[in-house]
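Let me begin by presenting the structure, written as C-alpha cells, before commenting on it.
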Amino acid sequence: QVQLVESGGGLVQAGGSLRLSCAASGSIFTTNGMGWYRQAPGKQRELVAVISSVGTTNYADSVKGRFTISRANAKNTVYLQMNSLKPEDTAVYYCNAQIRASYSSGLLSIWGQGTLVTVSS
C-alpha cells in the first residue's frame, strides 16, 4: 500500500514564503509524475504545479514566477517552494503522485491528505 504524507503548511503573512514537502512510502516500483493541487473554500481543486520523472515542470499561470516545484527521486519526495505569497493562495494543498507498485502493476494515482496554507493580508 502506498501513501503520501505532506508537511509544511501553516499561516504566513502576504509576501512571505513556505515550503511544502510530500513523501511517498510503501510498495513503490517507480514514481512517474508528481504534483501539487489546491482547493480554496467554495472552489474546485486546481492544478498548481507538476513535475515529470525527468524534471519537466508545468505551472498554473497564477503561480508562475513565485512557486517552484522540485523532486528528490531517491526519496520519492516532491517539494513546493512558495514565495511572494498572496491571500488568494490560501487553500488546502494536496500532493499527487503517479506510482507503479510493481513491474507488472498499473499506474496508480495517489493523493495526500492535504495541508492547509493560510496567507493573511
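The values are calculated or read from the model by the stated rules, or taken from the named source; none is laboratory data. Because the structure is predicted, anything quoted here is derived from the model rather than measured. Note: ideal-geometry Cβ built from the backbone for every residue, glycine included; neighbour counts use all protein chains shown. Remember, those area values only see protein heavy atoms, side chains included, never the ligands or the DNA or RNA. Shrake-Rupley method; radii C 1.70, N 1.55, O 1.52, S 1.80 Å.
K64: which lysines have alpha carbons under 21 Å from its alpha carbon, excluding same-chain residues fewer than 8 sequence positions away?
Leaving aside lysines fewer than 8 places away in the same chain, those within reach of K64 are K43, K86.
Can you check what the net charge comes to around V119, using other residues whose Cβ is under 12 Å from the Cβ of V119 (Lys, Arg +1; Asp, Glu -1)?
Values: positive: R38, R66, K86; negative: E88, D89.
Here the charged neighbours net out to +1.
Evaluate the relative contact order of segment 39-121 (contact order divided by residue number), counting alpha-carbon pairs under 8 angstrom at least 6 apart; express in whole percent. Write down the numbers at each step before the final one.
Values: 112 pairs, mean separation 18.7, N = 83.
Taking the mean separation of contacting Cα pairs over the length of segment 39-121, I get 23 percent.
Gain in length, A74 to A60, computed as 0.36 nm per residue apart minus the alpha-carbon separation, to one decimal in nm? It would help to have the intermediate numbers written out before the result.
Details: separation 14, 0.36 × 14 = 5.04 nm, distance 2.63 nm.
Answer, rounded to one decimal: 2.4 nm.
Any idea what the dipole of the chain comes to, in debye rounded to 20, about its Cα centre with Lys/Arg Cβ at +1 and Asp/Glu Cβ at -1? Working shown, then result.
Details: 10 positive and 5 negative charges, 26 e Å.
Here the chain has a charge dipole of around 120 debye.
How much of V92 can a 1.4 Å solvent probe reach, expressed as accessible area in Å² and rounded to 10?
The accessible area of V92 comes to roughly 40 Å².
Just for the chain, what percent of DSSP beta bridges are antiparallel, to the closest 5? Please report the intermediate quantities before stating the final value.
Details: 42 of 46 bridges.
For the chain, the DSSP antiparallel bridge percentage is about 90.
Hey, got a sec? Which chymotrypsin sites (Phe, Trp or Tyr not before Pro) in segment 1-91 land in a DSSP loop and have at most 13 other Cβ atoms within 10 Å?
Answer by residue number: F29.
What accessible area per residue comes out for segment 10-121, rounded to a whole number of Å², with a 1.4 Å probe? Before the final figure, lay out each step's value.
Details: 5760 Å² over 112 residues.
Spelled out: the 1.4 Å probe surface of segment 10-121, per residue, equals 51 Å².
In segment 21-121, what percent of the accessible surface is made up of carbon and sulfur (1.4 Å probe, ligands and nucleic acids excluded)?
Details: 2600 of 5100 Å².
In segment 21-121, the share of accessible area belonging to carbon and sulfur is 51 percent.
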